[in-house]
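Just so it is clear, none of the values below were taken in a lab; they were calculated from the coordinates. Computed from a prediction, not measured in an experiment: that's the story for all the values here. Note that we place each Cβ from the backbone using ideal geometry, even for glycine, and neighbour counts take in every protein chain shown.
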Amino acid sequence: MAAVPDHPRGADGFIDYAETVEGTRLIYLDTTTPRAHAGHFCPTRRNCLAAELKTCDRARIFVHHNVMPLGLPAEDNIALIPEDHASLARLLTQHRGRIDYIHLGHVLHSFTASMRHSLCSVRSTGNQFLLDLSKRDLLQGAPMAPSYCVIVADEADTVIHEIPFTRDGPIFNIGTAWDDWAKSVAAEGNASTDCDKDA
């Protein structure tokens, strides 16, 4: 925090805070603890989240650590610790009608899941981890292309666009009419041949 001393903090000193954007409460949760990779969400922080959820109609939660096991043994070792995961899950269930989405970090690759609510994680803009369903103690990293995401959301829907920002090469425009995309084979009518055979 020395680099960003003016960053909002909760009254308890944690970096938990919230803001309302177009009627939706955006709640940012601090799940870190000194000298630990795994996530922590103590009763003080849980009470802060409960107070926010009680006083809003709709919310989106932004949290660093994954709040559920992902089936990735090494990653799951440093997710939210099991005792805090269980109590957070109960709180999220209690307020499930008010939570539109949960956005995660920490895993450093893209995934979507559901745990009483829809949740997703996106790739890191720095180091990247590979999908590994077997290793229990070692994370596998690789210098893959970083990206960021743009969230387009309203009261009913959420769309998340991933943007690879280090791509190199020309940008070209493609029309949306059939002739702009059609391959020569399809244009010659071969696409309808199978239908003709079935008839």
In degrees rounded to 10, the 0-90 angle between helix 43-54 Cα long axis and the longest Cα principal axis of the chain is 60 degrees
For Arg96 and Lys135, extending 7 Å from Cα along the Cα-Cβ vector and measuring point to point gives, in nm, a value of 3.6 nm
Show log10 I(q)/I(0) for segment 1-126 at q = 0.14, 0.20, 0.21, 0.23 Å⁻¹, two decimals, from a solvent-free Debye sum over equal Cα scatterers. -0.60, -1.27, -1.40, -1.62
The farthest towards the positive end of the charge dipole of the chain, of the residues Ala51, Phe62, His95, given +1 on Cβ of Lys and Arg and -1 on Cβ of Asp and Glu, is Ala51
Residue-span extension gain [Val159 to Ala86] - 0.36 nm each, minus C-alpha spacing: 23.5 nm
Expressed as an acute angle from 0 to 90° and rounded to the nearest 10, what is the orientation of the C-alpha long axis of helix 82-94 relative to the principal long axis of the chain? 70 degrees
The extension gain from Lys54 to Asn127, computed as 0.36 nm times the residue separation minus the Cα-Cα distance, is 22.6 nm
With charges set only on the Cβ (+1 for Lys and Arg, -1 for Asp and Glu), what does the dipole of the chain come to about its Cα centre, in debye to the nearest 20? 880 debye
At 0.36 nm per residue, and after removing the present C-alpha to C-alpha distance, how many nm does the segment from Tyr17 to Ala177 gain when stretched out fully? 52.9 nm
